[in-house]
Every structure is written in C-alpha cells, then in structure tokens.
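Comments concern the structure below.
The values are calculated or read from the model by the stated rules, or taken from the named source; none is laboratory data. All values derive from a computational prediction rather than experimental measurement. Note: ideal-geometry Cβ built from the backbone for every residue, glycine included; neighbour counts use all protein chains shown. Ligands, DNA and RNA are excluded from the accessible area calculation, which covers all protein heavy atoms including side chains. Shrake-Rupley method; radii C 1.70, N 1.55, O 1.52, S 1.80 Å.
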Amino acid sequence: MNLRYIISLIFLLTIGNVFAQSSLIVVTSIKPIHSIASSLMSGIDQPELLLKSNASAHTFHLKPSQIRMMSDAHLVITVDKNFEIGLKKALKNINSDSLMFVSDIDNLKIFSSRDSIFEEHEEHGHSNLDFHLWLSQENALLIANSIANRLIQLDPFNELTYNTNLQQFNSKMDKLNIDLHNQLKSIKSKRVAVIDDTLQYFEKEQMLKRPVIVTPYHGARLSVKRTLEAKRMIKELNISCLVYGVDNSPNQVRALSEGLALKASKIDILGNEFLPGPDLYFNTMNQISSQIRSCLK
C-alpha cells in the first residue's frame with residue numbers, strides 16, 4: 001500500500017512540475033506592446049514578436065510560420081483589428097479566448113483622429129479613432145496591468161513573479177514620467193508641425209501645444225494644395241520644427257521644408273532602432289521626448 005502511494009505521489013508531482021514548467025506561448029504584434037509583455041514575463045519566458053522589420057504596423061503581412069505560431073499561442077496581443085489591418089484575416093482563425101485587443105481594456109483613453117489643416121473632415125475609409133494609444137503612459141500602465149492579469153490566469157504557477165514584474169514596471173514608469181517632464185518643461189509653449197498625426201497621446205499627456213497637422217490620416221497624399229496651405233500656416237505661426245514618421249518620404253519632407261527656416265526631425269513611435277525587449281518602451285518614449293526637444297531648440 002505504502003509503495004503504491006509513494007509511486008502515485010511521485011507520478012503526480014512529476015506531472016505537476018512538467019505542467020508548471022511548460023512554455024507559455026505569448027505572441028504580440030508590435031514592439032511597444034511586446035516590450036511591455038517582455039517586462040512582465042521577465043524571468044519566466046519571452047513573448048514572440050510579429051512585426052520585427054521596419055514595415056508599416058498597419059499593412060504588414062504574415063509568413064506561414066507566423067500564422068502557425070499565432071494558432072499555437074496561448075495568448076495573442078494586438079492593438080486593434082482596425083490598427084494592424086494586415087492581421088485581420090489571421091485573427092479570424094484565433095480562438096477568442098486566446099485573443100487580446102489592447103483597445104478593449106477598461107478605462108483606456110482612446111482619442112478620435114483629428115482633422116488636418118483643412119477644416120472639413122475628409123472621408124477616407126480609415127478608422128476615425130487614433131490607435132497610437134501606447135504613447136500615453138497612463139494607458140501603458142493599464143495595458144501592463146491587464147496583460148499581467150491574463151498571464152496569471154493562464155499561468156497561475158508564476159503569479160508571484162508576474163506581480164513582482166508588474167511592480168517593477170510601475171516603478172520604471174514613475175521614473176519615466178519624471179524624466180519626460182524634466183526634458184519637455186522648457187518647450188511646452190512651442191508648437192511643431194506634423195505630417196501624420198501620430199503623437200496625439202504623447203502630446204496631450206505631456207501638455208504640449210496642439211501641432212499643425214498636415215495630412216488627415218496615415219498614408220494620405222501630400223497634394224500641392226495641402227503643401228502650400230501647410231507652408232503658409234507654418235510661416236504664419238513661426239513654427240521651426242517639422243516632425244515626420246518613418247513612413248514619410250524624403251520628397252514629402254523636402255516639399256514642406258523648402259524655402260522655410262524649418263528643422264525636420266524623424267520620430268519612430270515603434271522604436272525600430274532598439275532591440276526588442278523590456279527596455280524598448282522606455283527607450284522609445286525617451287527618444288521621442290529628446291527628439292522633439294532637440295528639434296525645437
């Protein structure tokens with residue numbers, strides 16, 4: 001009897017350890033969200049990242065291996081079905097219990113897209129919501145908390161580690177808040193021009209002036225009319241800084257800058273130049289702040 005009991009106990013403990021140590025497969029779409037998930041999974045495992053190149057977050061396409069990886073995942077985290085549009089088809093085949101849209105998190109700030117320099121709102125078939133929501137630190141804290149809760153549900157064995165990592169993430173966010181405030185306090189009264197309105201969350205949280213927005217949505221054509229009107233407003237408002245993204249062409253920047261005393265600064269809100277991992281989110285936010293300040297000096 002005792003021998004049977006001991007053998008049964010060893011068997012149960014072995015099965016329990018195998019289950020506890022089994023790898024939790026978490027897949028994320030873009031680098032900032034991957035960075036937050038990496039912070040929370042530190043010491044346990046690493047989440048997978050879909051968008052590793054400099055391709056657009058809106059239109060990137062998946063390889064067959066990535067589609068299989070998503071199908072096998074315990075958790076797939078994306079911003080919104082109307083943000084990573086290239087994932088729409090693949091997401092339809094993911095079990096809803098394994099799918100997490102960041103935009104569905106309770107109490108998250110989600111702003112509407114803003115009009116460009118033209119008063120009328122142009123119909124363009126794009127979402128009327130701005131999903132660059134990770135650029136709000138307040139949102140990032142909610143995202144981290146929500147991801148941690150999902151991870152604990154899936155992997156209760158490591159609950160203590162997830163909670164400890166969440167506390168460390170929150171502490172780093174407190175420091176980031178202080179750093180950004182100190183970097184930007186001297187330029188809060190100055191205004192920039194932006195080709196695409198991607199910095200709304202960052203701008204509002206840091207209480208920067210509303211920029212002159214040249215195009216009404218990502219990928220919009222920079223027409224001659226829009227270029228001339230933007231240059232007129234830039235000159236009239238005495239703006240010295242033009243902010244553009246990685247998807248904007250040198251020709252667009254040149255057309256807007258030509259003939260004006262205008263410094264142009266490329267800002268990458270996805271942090272593509274940084275290695276994926278826990279530090280990327282903080283490096284990206286600090287770099288955005290540093291580039292805006294440098295551009296306005």
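What the table shows:
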{"quantity": "Neighbours by Cβ (under 9 Å, 6+ apart or cross-chain): first from the range 266-279, under 15 Å from Thr198 (Cα atoms) and in contact (Cβ under 8 Å) with a residue 40 or more places away in the chain; second among the basic types (Lys, Arg) and surrounded by 17 or more Cβ atoms within 10 Å (Cβ to Cβ)", "calculated": "Leu270/Lys31; Gly271/Lys31"}
{"quantity": "Odd one out for Asn182 among (1) open to solvent by less than 10 Å² (accessible area, probe 1.4 Å); (2) part of a helix (DSSP H, G or I); (3) not acidic (Asp, Glu)", "calculated": "(1)"}
{"quantity": "Among (1) of a type outside the set (D, E, K, R); (2) within 23 Å of Ala140 (Cα to Cα); (3) over 28 Å from the mean Cα position of the chain (by Cα), the one test that His218 misses", "calculated": "(3)"}
{"quantity": "Residues (within 12 Å of Ile117 (Cβ to Cβ) and surrounded by fewer than 19 Cβ atoms within 10 Å (Cβ to Cβ)) located in the range 227-264", "calculated": "Thr227, Leu228, Glu229, Arg232, Met233, Glu236, Leu237"}
{"quantity": "Per-region count, the range 82-101, residues open to solvent by 70 Å² or more (accessible area, probe 1.4 Å) and either under 17 Å from Leu62 (Cα atoms) or touching a Ser or Thr at 6+ places or on another chain (Cβ under 6 Å) (or both)", "calculated": "5"}
{"quantity": "Residue match in the range 5-19 (condition: in a loop (DSSP other than H, G, I, E, B) and either modelled with pLDDT under 95 or open to solvent by less than 50 Å² (accessible area, probe 1.4 Å) (or both))", "calculated": "no"}
{"quantity": "Number of positions in the range 153-174 that are of a type in the set (Asp, Glu) and either surrounded by fewer than 20 Cβ atoms within 10 Å (Cβ to Cβ) or in a helix (DSSP H, G or I) (or both)", "calculated": "2"}
{"quantity": "Candidate set: the range 46-57, residues that are buried (at least 16 other Cβ atoms within 10 Å of the Cβ) and assigned to a loop (DSSP other than H, G, I, E, B); chosen: the one modelled with the highest pLDDT", "calculated": "Pro47"}
